[in-house]
1. Could you work out the relative contact order of segment 403-462? I mean the mean sequence separation of Cα pairs under 8 Å and 6+ apart, divided by the number of residues, in percent.
2. Give me the extension gain from residue 230 to residue 314: residue separation times 0.36 nm, minus the current Cα-Cα distance, reported in nm with one decimal.
3. With axes computed from alpha carbons, what is the tilt in degrees of helix 29-44 against the longest principal axis of the chain, rounded to the nearest 10 within 0 to 90?
4. By how many degrees, between 0 and 90 and to the nearest 10, does the Cα long axis of helix 198-210 differ from the longest principal axis of the chain?
5. With a ≥ b ≥ c the root eigenvalues of the C-alpha gyration tensor of segment 403-462, is it rounded (a/c under 1.5), prolate (a/b larger than b/c) or oblate?
6. If you take every DSSP beta bridge whose two residues both sit in the chain, what share of them, in percent to the nearest 5, is antiparallel?
7. Give me the distance between the Cα centres of segment 121-189 and segment 209-264, rounded to whole Å.
8. Need the full-extension length gain, residue 54 to residue 80, defined as separation in residues times 0.36 nm minus the C-alpha distance. One decimal, nm.
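Every number in this text was worked out from the coordinates using simple rules, so none of it is lab data. Being a predicted model, the structure only gives us computed values, none of them experimental. With ideal geometry, Cβ positions are generated from the backbone for all residues, glycine too; neighbour counts draw on all protein chains shown.
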C-alpha cells in the first residue's frame, strides 16, 4: 500500500494467521522512528508484512499534528483508510487504529469525533502496540489507550524495522522538549525533554553501521539540549560526536534539529574536528526581528544569532547552514518582515525553508493580538521563497568545478555532505553508481537546488 502524500509511507505486517496489520506513517523523521519501532514490536510479536491495504485486518495510521496542514493530512489519511474498508472482501471488517501525535494531542476529543475508529494509541503506547492490536481485533470496541503525558523513550535494543533505504537511518537521541516557543505544541504532545544514555546511543549506532548504514542522522526535538537532564558528564552533543568518531567503518553523521540558544564553542569545535560529522548545520532560527523573537519566546536575539552564525562559519570550514523561518507570526508588521527579508539576503543560507504561521490551539500565540491574514501570509511566504531560490541557485553555481564526495541514494541520484535526505538538493550522476556507496564526483552543472556531476543528466520528471 502506498500513501497518497509525499510525507506518508505505508507499510503492513501480519502473523502466521489473522490478523494482518498495516501501518501508514505520516510526518517528520521523529515520527518515522516511532513507526519503525511499532513495526519492529509487531514483527517481534510474530506479525509479518503485506503491502496491500485490503489485506490488512488491522490498519494503523501513525499521525502528525504539528501544524494545521499536518493535521489535515492525518485526518484525510484516516478517512481514506476508513473508505478503503469497503474494498475488502473478507468475512470480518477491517479494524482501524489511530496512533501518534494527533491521537496524543486530541486524546479526549477524537473518540467522539471519529466513532468509525476502533482504537486510539498515543506515544507511550508504542511498545504496547502488539497487545493493542490483539485487543482491537478481539472486538473490545472503540477504546482509547492514550495516556495524558508522554514519557516513552526508545532504547538501543528497541525492536525496529527500518523504513528508510538500507544505507541511512535516523537515530533518536532524545524525546520531548522543554522549550516555551509560543507557536509550538510539541511539548504538550511529546512531553518534557528526556535524553537517552550515551551508551544506548553508541550501541545503536554500532548496530546500524554493522548492518551497512552509511549515514546516521541524529534527531530529537532539540539535539543541542541532549544530556542536560542526565548526570553523566559524557552526555553532551560534542562528547557524543567524539564517541561516534571512535566507531569503526566508513560513514557520515548528520546532526539535525539544533536550537540557536544552546550552541556552544565546544560544539562548533567538535563539528569542525569530527571525522564522521558532515559540515552541515541544521538550525531553525524562525525569525530575526527582536520583537518577534521575544513574542515567539525563542530564548535568543538578533545579536546572538549573528554572533553564532559568525562563529559557525569561521569555525567550521566549508559549512552549509540550513535554517527555517516563520512568515506571518502575530504582530509581524511589514517592517518586521522586511527586516527578515534583508537578513536572508545578507546571510545567504545554503539551505532554507519558509513556513507560513499556523494558528494552533493550546499555544500561547493562539490568543495573541495582531494575527496576519491568510492572504498576507501567503504573499510573504512567496516573496521569501523567491528570494531564497535565487540565493540557492547562486550557491549551487559556486559548486561547479568542484570535486565532491557523494553518497548515492540510487544509481544516478546522490547527495553531498551538505544535503540531508528528503529536504535538500541532489546530485545527478551517470546512473552507473551503486546505491549506498560513496564516490568522488566532479560537478559540471547546476539547477536552482541540484548539482549535475560529470556525465550526469536531470530526469525529465524533475522539471
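1. Across segment 403-462, relative contact order equals 34 percent.
2. 27.2 nm
3. That works out to roughly 40 degrees.
4. 90
5. Rounded, because the longest to shortest axis ratio a/c is under 1.5.
6. DSSP beta bridges in the chain are roughly 40 percent antiparallel.
7. Value for the Cα centre distance between the two parts: 21 Å.
8. 8.1 nm
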